[in-house]
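Input: a single structure, listed below in structure tokens.
The values are calculated or read from the model by the stated rules, or taken from the named source; none is laboratory data. Since the structure is predicted, the reported quantities are computational estimates derived from the model, not experimental observations. Don't worry about glycine lacking a Cβ; one is built from the backbone with ideal geometry, like all the others, and counts go over all protein chains shown.
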């Protein structure tokens, strides 16, 4: 069992557009986060019936390590992940259900960095975030996710 927190929340209204920081967001089962491109199936990697595109998470510790080890400063929103966490072992949540505030999520697949992300950000991001690029998750129960919410799991 662990207990961490939501550090920041980001959505992007359109593919390739900068992410926008929000203090809270509504999670919709089977769709994604309200206002985000993937909730409308308009993201770069939108695919029908792909629950792993509903919400993405990344550890703030991975972003800090990227800056320290590779001298790449993404900032919290630069990873283009929806939820930035602290104290949460995301790779261990693959196949597991966990709580983010009042919402239940299920870890579907690791969110390895890709060439598209590297093209939008900085060369070296794929290597720097390999195996720590975050988690794609499915929304199991709907509700609000807020900055500062507790994240808990198995």
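Worth pointing out:
Residue by residue, here is whether (1) closer than 12 Å to residue 132 by Cα; (2) under 13 Å from the mean Cα position of the chain (by Cα) holds:
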site: 65; (1), (2): yes, no
site: 68; (1), (2): no, no
site: 73; (1), (2): no, no
site: 85; (1), (2): no, yes
site: 91; (1), (2): yes, yes
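- Filtered by the rule that a residue be part of a strand (DSSP E or B) and buried (at least 22 other Cβ atoms within 10 Å of the Cβ), the stretch 92-102 gives 98, 100.
- All conditions but one from (1) at pLDDT 80 or above; (2) within 19 Å of residue 13 (Cα to Cα) apply to residue 71; the one that does not is (2).
- Complete set of residues in the stretch 46-64 that are assigned to a helix (DSSP H, G or I), modelled with pLDDT of 90 or more and surrounded by 15 or more Cβ atoms within 10 Å (Cβ to Cβ): 60, 61, 62, 63
- Hits in the stretch 71-91 - residues which are part of a loop (DSSP other than H, G, I, E, B), free of Cβ contacts under 8 Å to residues at least 60 places away in the same chain and touching a strand residue (DSSP E or B) at 6+ places or on another chain (Cβ under 7 Å): 79
- Inspection of the stretch 136-153 identifies no residue that is at pLDDT below 95 and in a loop (DSSP other than H, G, I, E, B).
- Scanning the stretch 1-45 for residues that are under 24 Å from residue 130 (Cβ atoms), modelled with pLDDT under 80 and assigned to a loop (DSSP other than H, G, I, E, B) gives 15, 16, 43, 44, 45.
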